[in-house]
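Encoded as structure tokens, the structure appears first; notes follow it.
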Amino acid sequence: MTHSRKLILFMLAAMLTFSFAFAATANAKMVKKVDNFILFLDQSGSMAMKNADGMKKIEKAKSDMLALNQAIPALDYNSAVILFAPFEVQCSPKPYSEATVAAAVSAVDTEFGIFNRQTPMGNGLADINPTLGQLSGKTALIIFTDGESNIGTDPVAVAQDMASKYGSNLCVHVVSYADSAKGQAVVDGIRSAFSCSVAADGATFADANALSKYARDVFYDEVADPAPAPAPVVVAPAPAPEVVTFNLNFGFDKYQITDEMIPVLEQAKMILEEDASATYEISGHTDSTGTEEYNQGLSERRADSVMEWLVANGISADRLEAKGYGELSPKYDNTTKEGRKLNRRVEIQTK
């Protein structure tokens, strides 16, 4: 294999990592900023009013909570979903699961009796104190509200007391749906009690980039890997047969070849054509979602689809063998979203 072909191979590996798996920046990893988070939703009467787009504010808040839930990385948080005005626990603190949080948010009733409710926002903040006191480590309390407090204790004063009580172990963030100066003043007052507070409103969650940034600012940092892999070194060819490996990453429960994969497959075909005597194994893999039996079949379909493309584009079928390994040969951590994406792959390597 020529030196230029080797360089192409290294470039392919990098392109696949970024284009198909959406991995984090090279030599970086996600580190959680908080140990716990609580989604705290205002279900008072003012939230039943429609915003400028003609949508109930509480419906927009539910939609935003679900979008944020999808943007939270699968790190080992504890999570809860709690409502106020009146105070209700939809999901008590427990190890974070995207599905559990989504179910709790989706179950919030936005119709029955909400319109005439008052807003004891300060009381709601006071009511969540016992829950906060049971949590260890750092906690993010994310309030979804329009700030229209009209009864009970002053919410800004309660927030200031909470900041004094919990110190750096608590950060309160407010997602604002305020449509009055009074409501926005309450929102701003709560935010000002916490120097760590990250501001957001409904527009934040309508923009994918803004939502991603908000999730990162609240939930995690990206830090340099303390032990990055050394850069590849070009050495003289060894007598043993050279191994050529390509990776193709597939979407969840997918096995079809996509347009984004074609450039990589064309480069693979070009290298396979250099030595007409070399034979290759095309190995299909899955993440651990689903049963082992189903994943075995899915991995075989992925390997077959790549082999069919190569044969259709001039590579002899006699030189290729497609195998499925199911979920049994993971290269990455199946407990994280990023690891599962990278494990949904097909590899082509010399036999």
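Numbers below:
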quantity: GluC sites (Glu not before Pro) within the stretch 49-130: DSSP coil, no more than 11 neighbouring Cβ in 10 Å; calculated: E111
quantity: Accessible area of the stretch 80-207 belonging to carbon and sulfur atoms, whole % at 1.4 Å probe; calculated: 52
quantity: Average accessible surface area per residue within the stretch 99-168, 1.4 Å rolling probe, Å²; calculated: 46
quantity: Difference of contour (0.36 nm per residue) and Cα-Cα distance, E98 to M270; calculated: 57.7 nm
quantity: 15 Å cut-off, amide nitrogen to a point 7 angstrom out along D154 Cα→Cβ, residues in the stretch 182-210; calculated: 185-193
quantity: Anisotropy class of the stretch 149-227 from Cα gyration tensor, a/c 1.5 cut; calculated: oblate
quantity: Low-density loop cleavage sites - chymotrypsin sites (Phe, Trp or Tyr not before Pro) in the stretch 107-183, where at most 10 other Cβ are within 10 Å (DSSP); calculated: F112
quantity: Integer Hz, Karplus 6.51/-1.76/1.60 couplings in order for the stretch 281-289, x for Gly and Pro; calculated: 9, 10, 10, x, 9, 9, 7, 8, 6
quantity: Nitroxide proxy distance, nm - points 7 Å out along Cα→Cβ at E260 and N169; calculated: 4.3
quantity: Net lengthening on full extension, Q118/D53 (0.36 nm per residue, minus Cα-Cα); calculated: 21.1 nm
quantity: Approximate spin-label separation S180-R216, in nm, with each point projected 7 Å along Cα-to-Cβ; calculated: 3.8
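The values are calculated or read from the model by the stated rules, or taken from the named source; none is laboratory data. None of the values given here were measured: they were computed from a predicted structure. No Cβ is skipped: glycine too gets one built from the backbone with ideal geometry, and neighbour counts run over all protein chains shown. All accessible areas refer to the heavy atoms of the entire protein, side chains included, with ligands and DNA or RNA removed. Shrake-Rupley method; radii C 1.70, N 1.55, O 1.52, S 1.80 Å.
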